[in-house]
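Q: Sharing a structure below in structure tokens format, with a few things to ask.
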Amino acid sequence: MRIKSYIISLLSLFITSVYGQKAVPVKPRILISTDIGGTDPDDNQSMTHLLMYSDKFEIEGLISSPSYGNGSKQEIIRMIDLYEKDLPKLQKHQSGFASPDYLRSITKQGYHGNVSFIGYSKATEGSNWIVKSAQKKSSQPLWILCWGGLEDLAQALHDAPEIQNKIKVYWIGGPNKKWSANSYAYIVANFPNLWFIENNSSYYGLFSKSDEPDSVVISNYYTNHIKDKSFLGKDFINYYKGEVKMGDTPSLLYMMDGDPNDPTRESWGCSFEKFNHSPRTVLDRTTTINDTIAYCSIMEMRFTVPKTKAKKESIGFWMEVPYGKTIQKWPGYYIGNDVYAIRYIPKKAEVLNYKLSSDIPEINGKTGALVATNLWPGKRSSKDYQLGSNWFTDKHDPDLYFGKIQGGKTISKWRDEILLDWSKRWEWLNE
């Protein structure tokens, strides 16, 4: 018996050393806020991953929160329908998978689009569900995993500020932060003591080439492991031609590996460090090439137009930014006292050129430039948002950069183990 126990112990140590995965203290309560069906189909991939691992979580909400694009809760329901067809195969190997009917019952529609400068708008089915879930009596916090915009989270906090002590947030920022600048600013300004992980870049290490953030590594993973023998597998080929991106999956991996209350630990879902200020620059002019900020920092520009008669929070101008072969347009708002303002957050290191368009002569036609550097959160400013003791973000150690990706090595080193673990579940579906 001692020999058998010894062998089991050695095997356990071997598995831990190879896979790096550690036991989770308690099955976590999670609520997903996603822009699935919006601009980036990687949310569909991450939803597939979530459903295939639903036995690992107490899922309390699936909220459609598309800050941009046409995402809706119907897309979540469609994914649940596929999962329901594959569920019998999963249940042959593992118990505890979430009931499809239950998942449909907790799927809610959140806010469509961006909110104005104030950072919140009106309650939605999604924001109300966040409040209701957070207020449940439990000895465990509700983990809100944000895969898209923060509009519904900001609304929930505005409507029920007391929930800030009952929730913990893991947000995939980066491009989502760019779309959700006003809601993000509202949260950091008004809830500095919230428990919050802001993953702006580390997550890229799961799927990107080291020299090109937001790219997708080409592999034969679909052919070798996913295949087309299941409903979820047949659907997966529709996203990036079956190449694995899953940019939001690090939030799930984080909840599956070790104690989630310690963001500084090594984890399949990245490793983080504390930071106490969210960088913000405020100018009463357009920027020039001499203005430099860290990527994912808030650049706020304000323009005074005497004798303005606009309605507060109404759109007064647009910031037009080249994006590939297209132009992205970001709204600026009237904030009162004859002042119009806009927040812009660059998602990566870049040199940005832009122009402003407006019916207001004092603003129309203005141009500007901005340099975003590759180290977040970067230099301090007197206008920074001061944060409490429970804010965490990508590690800034140069040795942990995965090429251009800050903190990327905290997850890139686990990529093979993560995909190998997932392949076992695809084997169940491919039987």
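The values are calculated or read from the model by the stated rules, or taken from the named source; none is laboratory data. It should be emphasised that the depicted structure is a prediction, and the values quoted were computed from it without experimental measurement. Positions of Cβ are backbone-derived with ideal geometry, glycine not excepted, and every protein chain shown enters the neighbour counts. Ligands, DNA and RNA are excluded from the accessible area calculation, which covers all protein heavy atoms including side chains. Shrake-Rupley method; radii C 1.70, N 1.55, O 1.52, S 1.80 Å.
Q: Can you tell me what percent of all Cα-Cα pairs in region 228-386 are more than 22 Å apart?
A: Percentage above 22 Å: 59.
Q: On to the next question. What is the Å³ per residue value for the convex hull set by the Cα atoms of region 297-402? Numbers along the way, then the final one.
A: Numbers: hull volume 15.1 nm³, N = 106.
For region 297-402, the hull spanned by Cα atoms encloses 142 Å³ per residue.
Q: Would you mind working out the magnitude of the charge dipole of the chain relative to its Cα centre, with +1 at each Lys and Arg C-beta and -1 at each Asp and Glu C-beta, to the nearest 20 Debye? Walk me through the numbers on the way to the answer.
A: Working: 53 positive and 48 negative charges, 66 e Å.
Dipole about the Cα centre, nearest 20: 320 debye.
Q: Which aspartates and glutamates have a Cα less than 18 Å from the Cα of LYS89, not counting those fewer than 8 places away in the same chain?
A: ASP55, ASP81, ASP101, ASP228, ASP235, ASP421, GLU427, GLU431
Q: Between ASN70 and LYS274, how high is the FRET efficiency from 1/(1 + (r/R0)^6) when r is the Cβ-Cβ distance and R₀ = 56 Å? Nearest 0.05. Don't skip to the end; give the middle numbers.
A: Values: r = 37 Å, r/R0 = 0.67.
Once the sixth-power term is evaluated, E becomes 0.90.
Q: OK, next. Run lengths n ≥ 4 of DSSP H only: what is the helix-derived mean residue ellipticity at 222 nm for the chain, with -39500 (n - 2.57) per run over all residues, to the nearest 500? Show your work: numbers first, answer last.
A: Numbers: 12 runs with 120 residues, N = 431.
Calculated at 222 nm, the ellipticity per residue is -8000 deg cm²/dmol.
Q: Moving to a separate point now. Under 5 Å between amide H atoms, partner at least 5 residues away or on a different chain: which partners does ARG29 have, H built in plane at 1.01 Å?
A: Here GLU58, TRP143 satisfy the definition.
Q: Next question, about the same structure. Roughly how many whole Å is it from the C-alpha centroid of region 238-293 to that of region 92-152?
A: The two parts, judged by their Cα centres, are 20 Å apart.
Q: Let me ask something else about it. What's the magnitude of the charge dipole for region 123-253 around its Cα centre, counting Lys and Arg as +1 and Asp and Glu as -1 at the beta-carbon? Answer in Debye, nearest 20.
A: Working: 13 positive and 13 negative charges, 80 e Å.
Approximately 380 debye in magnitude.
Q: Something else: Could you tell me the convex hull volume per residue, in Å³, taken over the Cα atoms of region 121-256?
A: Working: hull volume 19.6 nm³, N = 136.
Once divided by residue count, the hull of region 121-256 is 144 Å³.
Q: Between TRP147, TRP268, TRP414, find the one with the highest GNM mean-square fluctuation for the chain; connect C-alpha pairs within less than 10 Å.
A: Top of the fluctuation ranking is TRP414.
Q: Next up: Using the Karplus curve 6.51 cos²θ - 1.76 cosθ + 1.60 with θ = phi - 60°, what ³J(HN,Hα) values do you get for each residue of region 352-363, in whole Hz, with x for Gly and Pro?
A: 10, 10, 8, 9, 10, 10, 6, 7, 8, x, 5, 10
Q: Which angle between 0 and 90 degrees, to the nearest 10, do you get for helix 125-134 versus the longest principal axis of the chain when only C-alpha atoms count?
A: Taking Cα atoms only, the helix is inclined about 60 degrees.
Q: Got a number for carbon plus sulfur as a percent of the chain's accessible area, 1.4 Å probe?
A: Working: 9410 of 18250 Å².
Here it works out to 52 percent.
Q: Mind checking which lysines have their C-alpha under 18 Å from LYS312, skipping anything on the same chain fewer than 8 residues away?
A: LYS122
Q: Another question about this same structure. Pop out the ³J(HN,Hα) list for region 39-45 in order, Karplus 6.51 cos²θ - 1.76 cosθ + 1.60 with θ = phi - 60°, rounded to Hz; leave Gly and Pro as x.
A: Along region 39-45, the couplings run 7, 10, x, 5, 5, 4, 5 Hz.
Q: Which aspartates and glutamates have a Cα lying under 19 Å from the Cα of LYS379, excluding residues fewer than 8 positions away in the same chain?
A: Straight-distance partners of LYS379: GLU198, GLU273, ASP291, GLU300, GLU350, ASP394, ASP397.
Q: Arranged from highest to lowest average of other beta-carbon atoms within 10 Å per residue, in what order do the peptides 48-54, 254-260, 24-30 appear?
A: Numbers: 48-54: 22.6, 254-260: 20.6, 24-30: 16.7.
Listed from highest to lowest mean packing, they are 48-54, 254-260, 24-30.
Q: Okay, moving on. Which of THR264, THR326, THR373 moves the most in a Gaussian network model of the chain with Cα springs under 10 Å?
A: Most flexible of the set in this elastic network: THR326.
Q: Check which residues have an amide H placed less than 5 Å from THR107's amide H, if you skip close sequence neighbours.
A: Sorted by chain and number, the residues that satisfy this are LEU62.
Q: Moving on. Are any of the pairs LYS227/LYS424; LYS177/LYS241; LYS325/LYS404; LYS132/LYS178 more than 20 Å apart by Cα-Cα distance, and if so, which? Working shown, then result.
A: Details: LYS227/LYS424 13 Å; LYS177/LYS241 26 Å; LYS325/LYS404 23 Å; LYS132/LYS178 28 Å.
Where the Cα-Cα span goes over 20 Å, the pairs concerned are LYS177/LYS241; LYS325/LYS404; LYS132/LYS178.
Q: Still on this structure, please answer the following. Would you kindly derive the ³J(HN,Hα) couplings of region 177-183 from the backbone phi angles with the Karplus curve 6.51 cos²θ - 1.76 cosθ + 1.60 (θ = phi - 60°), listing them in order in whole Hz, with x for Gly and Pro?
A: Each residue of region 177-183 in turn: 5, 4, 6, 10, 4, 6, 5 Hz.
Q: Could you calculate the FRET efficiency of ILE237 with LYS307 from 1/(1 + (r/R0)^6), where r is the beta carbon distance between them and R0 is 45 Å, rounded to 0.05?
A: Numbers: r = 58 Å, r/R0 = 1.30.
Here the calculated transfer efficiency is 0.15.
Q: Show me the ranking of peptides 179-189, 88-98 by mean Cβ neighbours inside 10 Å, starting with the highest.
A: Numbers: 179-189: 24.3, 88-98: 13.7.
Per-residue Cβ counts within 10 Å, averaged per peptide and sorted highest first, yield 179-189, 88-98.
Q: Mind scanning LYS166/LYS347; LYS309/LYS383; LYS92/LYS274; LYS136/LYS229; LYS73/LYS168 and naming the pairs with a C-alpha gap bigger than 32 Å? Before the final figure, lay out the partial values.
A: Working: LYS166/LYS347 30 Å; LYS309/LYS383 28 Å; LYS92/LYS274 42 Å; LYS136/LYS229 40 Å; LYS73/LYS168 23 Å.
The answer is LYS92/LYS274; LYS136/LYS229.
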